[in-house]
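Scroll down for the structure; my scribbles are underneath it.
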Amino acid sequence: MTEQATAEEHAHGYITDKTKYLNRMRRIEGQARGITKMVDEEKYCIDILTQISALTSALQAVAVGLLDDHLKHCVVDAARMNSADADEKIKEATDAIARLVRS
């Protein structure tokens with residue numbers, strides 16, 4: 001089975017909340033543009049850092065939501081179908097968690 005066939009047969013876990021994720025990412029893009037403008041306008045350092053902290057929190061919230069969707073859908077579906085696939089999905093989730101906690 002090809003990777004494309006697999007993707008067509010299985011929708012990603014976040015697909016039911018795709019609009020929510022897209023809207024949140026658009027707000028995050030706006031926040032990033034706002035920070036760029038603050039730097040361009042030479043705003044106070046602490047104010048810029050405060051906005052960077054808010055942006056980081058927003059991105060982390062999206063990441064946790066996507067991880068939750070991955071666990072609830074992709075990992076569970078793989079476990080129901082084939083243990084080798086489940087092991088792979090769990091490893092992917094573990095690796096993603098490791099990347100998130102490093103940052």
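The values are calculated or read from the model by the stated rules, or taken from the named source; none is laboratory data. What you see is a predicted model, and the numbers here were worked out from it, not measured in a lab. Here the Cβ is made from the backbone with ideal geometry for all residues, glycine too, and neighbour counts use every protein chain on show. Only protein heavy atoms, including side chains, enter the accessible area calculation; ligands, DNA and RNA are left aside. Shrake-Rupley method; radii C 1.70, N 1.55, O 1.52, S 1.80 Å.
By how many nm would the segment from Lys18 to Asp85 lengthen if fully extended, with 0.36 nm per residue of separation less the alpha-carbon distance?
21.7 nm
What is the Rg over Rh value, at two decimals, for the chain, using alpha-carbon atoms and the Kirkwood definition of Rh?
My calculation puts Rg/Rh at 1.12.
Please list, or write none, the lysines whose alpha carbon is within less than 16 Å of the alpha carbon of Lys18, excluding same-chain residues fewer than 8 places away.
Straight-line reach from Lys18, under 16 Å: Lys72.
Enumerate the lysines that Lys37 could reach by cross-link, defined here as Cα to Cα under 27 Å, with residues fewer than 8 away along the same chain left out.
Lys20
What fraction, in whole percent, of alpha-carbon pairs in the range 25-69 exceed 14 Å separation?
Result for the distance tail: 53 percent.
Rank-order 81-91, 40-50, 63-73 by packing density, defined as the average count of other C-beta atoms within 10 Å over each peptide's residues, highest first.
So the peptides 81-91, 40-50, 63-73, ranked by packing, come out 63-73, 81-91, 40-50.
Tell me the per residue accessible area of the chain using a 1.4 Å probe; a whole number in Å² is fine. Let's see the in-between values first.
On the way: 7740 Å² over 103 residues.
Ligands and nucleic acids excluded, the figure is 75 Å² per residue.
As a check on your grasp of the helix formula, calculate [θ] at 222 nm for the chain: sum -39500 (n - 2.57) over DSSP H runs of n ≥ 4, divide by the residue count, round to the nearest 500.
On the way: 5 runs with 81 residues, N = 103.
Here the helix-only value at 222 nm equals -26000 deg cm²/dmol.
Give me the percent of the accessible area of the range 32-103 that comes from carbon and sulfur atoms, probe 1.4 Å, all protein chains in place.
Whole-percent figure for carbon plus sulfur exposure: 59.
Starting from the Cα of Ser57, step 7 Å toward the Cβ, then list every residue of the range 33-47 with an amide N under 15 Å from that point.
Only 47 fall inside the zone, counting backbone N under 15 Å.
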